[in-house]
Amino acid sequence: MLSPTEVKTVLEAALLASGVPLTIADLRRLFDEEVGGDTIRRLLDELRESWAGRGVELVNLASGWRFQTRPEFQRYLERVNPEKPPKYSRAVMETLAIIAYKQPVTRGDIEDIRGVTVAPTVIKALEARGWIDVVAHREAPGRPALYGTTRAFLDDLGLRSLEELPPLDDLAGSLDLGAPPADVAPVSNGASAADAPQTDEQQAEAA
C-alpha cells in the first residue's frame, strides 16, 4: 500500500500532466487500493501549500483541481508565447455579464436589459467559447431557452462557484468587458418600430 507521501507524489504527477482540471473522483481512480476523498483533499491541500511562492500554483476550480501559472507571471510568458486569446466585441462581453449576474435569462431578457437586439452570432460566440449553455426552457409561448454560465466560465475566472463572482466592475476588468451595461426599461408591446431596441449592428453604424 502506498504511503501518504507516495500518494501525494502520484497526485502531483497526474495534475502536472493533465491538460484539464481533475475532480476528486478522477484522482481516486489513479489508485488500485481505496483512497478516500477526504484523504485526497487533505493531500491536495498539503500539495498546494508546498507549491506556495512558486511560479505555478495548485488551484481548486469549478471543474476540479489543476496547476496553473500565477497571474503575475503571465506578462513574462507572453514574450515567448505571443499568441493572444481571442478578443470579443462589447456586445458579446455585455451579454456575458448579464447572463453571469442575472442567470438564468432568455435572449429576450438580455435584450430588455441591453436595449438592443441580441444578434444570434453573439450567443453563438459565447457558446463556442464554452462560457454559456442552455440550462432550461421558460414555460412561456415558444418555450424560449434559458441561458446560464458553465464551469468553464468559472474555471477561466479562477472560481469554484457563482457565489465567488466578483463585483461587476471587477469582472469587467478581468474579462475586458469595458463599462458594465446599464439596466433599461423593456420596450412596451405598443411601441413603434422607431422605439424598438437597435441591433448591435445599428448601434455601430450610429456611433
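The values are calculated or read from the model by the stated rules, or taken from the named source; none is laboratory data. None of these values were measured; they are calculated from a predicted model. With ideal geometry, Cβ positions are generated from the backbone for all residues, glycine too; neighbour counts draw on all protein chains shown. Keep in mind that these areas ignore ligands, DNA and RNA; they rest on the heavy atoms of the full protein, side chains included. Shrake-Rupley method; radii C 1.70, N 1.55, O 1.52, S 1.80 Å.
Computed quantities for the displayed model
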item: Tally, over the range 46-66, of residues that are over 12 Å from Lys8 (Cβ atoms) and either open to solvent by 50 Å² or more (accessible area, probe 1.4 Å) or under 21 Å from the mean Cα position of the chain (by Cα) (or both); result: 13
item: Answer residue from the range 92-105, given it is out of contact with any Ser or Thr (no Cβ under 8 Å at 6 or more places or on another chain) and surrounded by fewer than 19 Cβ atoms within 10 Å (Cβ to Cβ) and is nearest to Ala136 (Cα to Cα) among those; result: Pro104
item: For Glu33: the one exception among (1) over 19 Å from Asp155 (Cα atoms); (2) touching a Lys or Arg at 6+ places or on another chain (Cβ under 6 Å); result: (2)
item: Filter result (open to solvent by less than 70 Å² (accessible area, probe 1.4 Å) and in a helix (DSSP H, G or I)) within the range 128-155; result: Ala152, Phe153, Leu154, Asp155
item: Where Ala179 falls short, out of the listed (1) at pLDDT 60 or above; (2) open to solvent by less than 80 Å² (accessible area, probe 1.4 Å); result: (1)
item: Of the criteria (1) surrounded by fewer than 14 Cβ atoms within 10 Å (Cβ to Cβ); (2) at pLDDT below 95, which one Val35 fails; result: (1)
item: Which numbered condition Asp45 misses (of (1) modelled with pLDDT under 95; (2) under 23 Å from Ala152 (Cα atoms)); result: (1)
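Matching residues to (1) over 21 Å from Glu139 (Cα atoms); (2) in contact (Cβ under 8 Å) with a residue 12 or more places away in the chain:
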position: Arg75; (1), (2): yes, no
position: Glu78; (1), (2): yes, no
position: Glu83; (1), (2): yes, no
position: Ile110; (1), (2): no, yes
position: Thr117; (1), (2): yes, yes
position: Val122; (1), (2): yes, yes
position: Ala125; (1), (2): yes, yes
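Yes/no per residue for (1) touching a Pro at 6+ places or on another chain (Cβ under 9 Å); (2) within 27 Å of Leu165 (Cβ to Cβ); (3) open to solvent by 70 Å² or more (accessible area, probe 1.4 Å); (4) assigned to a helix (DSSP H, G or I):
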| site | (1), (2), (3), (4) |
| --- | --- |
| Val10 | no, no, no, yes |
| Ala14 | no, no, no, yes |
| Val20 | no, yes, yes, no |
| Arg41 | no, yes, yes, yes |
| Leu44 | no, yes, no, yes |
| Gln68 | no, yes, no, no |
| Phe73 | no, yes, yes, yes |
| Arg79 | no, no, yes, yes |
